[in-house]
Amino acid sequence: MKRLILISLLLIAALAISQPATQAQSKKDKNNPPKVSLSVEKAAAEFGNVEGITAAQIRDFLTFIAADELEGRDTPSRGLDIAAKFIAYNLSRWGFKPAGDNGTFFQNFGLRRGQVDKDQTKVELAGQTFKAGEDFIPRPAVKTATGQLVFVGHGWVIKSKNINAYEGIDVKDKILVVSMGLPKGVQQGDLTGKLGEDYESVYSYAAKHGAKGIVNIPRSVQLTSWDASARQAFSGGRVVLETGKTDDSLPEIVASAKLVNAIFQGEAIDGAEMLKQADSRDLAASFALKADKKITIDVKGNVDTLPTQNVVAIWEGSDPTLKEEYLAIGCHYDHVGVRPETDNGKIDGWSRYKAFLQSAGRLGGADRLWNGADDDGSGTVAVMAIAEALAKGPRPKRSVLLVWHAGEEKGLWGSDFVTDHPPVPAKQIIAQLNIDMIGRSKKAGDSNSRNANLTGPDEIYVIGSKMMSSFLAETSEQVNKAYLNLNFNYKYDDPNDKERFFYRSDHFNYARKGIPIIFYFDGVHEDYHQASDHWDKIDYQKMEKVTRTIFATMWKLTNSPTRPKVDQPLPPQLRGN
Ligand SMILES: [Zn+2]
């Protein structure tokens, strides 16, 4: 064995020497995975018109979408509408099928802004008048109601859990006193099935059974942030999505401790106990309060509703059967807009234009326009590039549904609406690929701590691909390995991740509907949600690679004989707390 030994000794020595090298090598590989270069022909044969996507094409689109003239594409705003028109104009030129309202590419939905008048708004109880902001905080439903009071605990009915807060209680024409929040031990994910059928919220139950108003008993966390919430309630109106889920057709308030005490005065359980139970969630059984005790909730002000839109389009598949199934690809085309300097708190045309000129560098002063080039201008134009490449190449067997969501920054509004009102039956959507920020890369030697988690030029965070469908996970990996072999970083692909990125973009609303998703994300960086998130900082070579990889994944999924099967139920903690 000597020689061998010797040889093996030499080998071991070589290995020992090489160990650090290979570790360094594998670390290097991890950040610079070996390049797989398929010839154009092979790539086309394998992945369709994937090479129809180019850095130049993406850059052209982004210089428009992230231009100052679009004023940061707030929801709702003219800049957002111009972006929508630009996308639709191109979709029409490429021959896409409109999937919006009335044969357009626009799926309209309403945003309601309730402006409550603090001085005129009041609550009366047992001859006492309570002041808005001090003794209660009104929700922006400009309504008035008077009625007897009924305590309804947490206010939920959850058939699958045998929970019914209204057992033996009649709520017709009553004002409901509710301890907001889920019943003890219940997760959002337990609300399976349909609202109004399999489970009821206090809103849906109140509306269905003719209750007249809602009084919320606050938790201590709400009492601590009372002043901030009160300021916000009267600060120019909270804009909410018009969905019917957060039903504000009834006058509704959050009561202060003082008002809770007044409400439960002389009842079997006093206000102090009710406030304690609101935190412990060990709630008393529902009961009607004394019949002679009536409350009036009188919320004055004005409400207006403004429309905005998702942009939705379909590229029909070639297979007579499989074309009935859809692979959804999405992004959000909104960002957070412009925050002009104001001298009277009011934003007018003059101050808006000034902010535009400042951002464009044509006037001195701070840049107060959030261009959102990476967030999510990059996703917006990546989906446009995928659309153009689809239109100029062979047709896949299944169909492709493209959705540019509005209102993501405001609370995933667009995806909330489109997944509640899908342009095609939700069960025919085989998966959703969501793109939110893929345009930035960490440069070698970058020591800026705010770029600590930014991915490299050949790297992207992949989130959610393994959570619901092993077929989807495998396909995603196989395509990447067979094509550009980017470094797929799964750091945030963890249900317990404290950054909660799984919750923080539009794919979440698809996953909640049981549709398996893949979320592509480059990581937060120094310009994240800053006015400095500009198109000239984008790594277009990276965007080309990531967008081509997403196109290739779409191509495989739309041509695969089988569709991804949901073989892993969504981890409970990801069902939307
Ligand atoms: Zn975003």
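Read-outs: derived from the displayed coordinates by stated rules, not from any lab. Note that this is a predicted model, so its numbers are computed, not measured. Don't worry about glycine lacking a Cβ; one is built from the backbone with ideal geometry, like all the others, and counts go over all protein chains shown.
With θ taken as phi - 60° and the Karplus curve 6.51 cos²θ - 1.76 cosθ + 1.60 applied, the whole-hertz 3J(HN,Hα) list for the stretch 66-75 is 9, 6, 4, 4, 8, 6, x, 6, 5, 10 Hz, x standing for glycine and proline.
How much of the DSSP bridge set in the chain is antiparallel, in percent, rounded to the nearest 5? Of the beta bridges lying entirely in the chain, close to 60 percent run antiparallel. Note on the chain: helix-only mean residue ellipticity at 222 nm, from DSSP H runs of 4+ residues weighted -39500 (n - 2.57) and normalised by residue number, equals -9500 deg cm²/dmol.
Size estimate for the chain follows the Kirkwood approach: the inverse of mean 1/r over distinct Cα pairs works out to 26.4 Å. Applying both filters, DSSP loop and at most 14 other Cβ atoms within 10 Å, to the trypsin sites (Lys or Arg not before Pro) of the stretch 162-215 gives 172, 184, 194.
I'd like the distance between the alpha-carbon centres of the stretch 253-292 and the stretch 449-464, rounded to an integer number of Å. The stretch 253-292 and the stretch 449-464 have Cα centres spaced 49 Å from each other. For a straight C-alpha distance cut-off of 12 angstrom, the aspartates and glutamates reachable from residue 397 (same-chain residues fewer than eight places away being disregarded) are 316, 319, 324, 325. Extension gain, residue 497-residue 92: 0.36 nm per intervening residue step, less the Cα-Cα distance, totals 141.7 nm. To make sure I understand the rule: partners must be aspartates and glutamates, Cα under 17 Å from the Cα of residue 442, and not fewer than 8 residues away in the same chain. Which ones qualify? Answer for residue 442, where 17 Å is the Cα cut-off: 29, 374, 375, 458, 459, 522, 526, 527, 533, 536, 539, 544, listed by chain and number. Output the DSSP H helices from the chain with an along-axis C-alpha extent of no less than 30 Å and a mean Kyte-Doolittle hydropathy no less than -1.0. Helices passing the filter in the chain: 2-31.
How many percent of all Cα-Cα pairs in the stretch 118-299 sit more than 25 Å apart? Tail of the P(r) past 25 Å holds 30 percent of the pairs.
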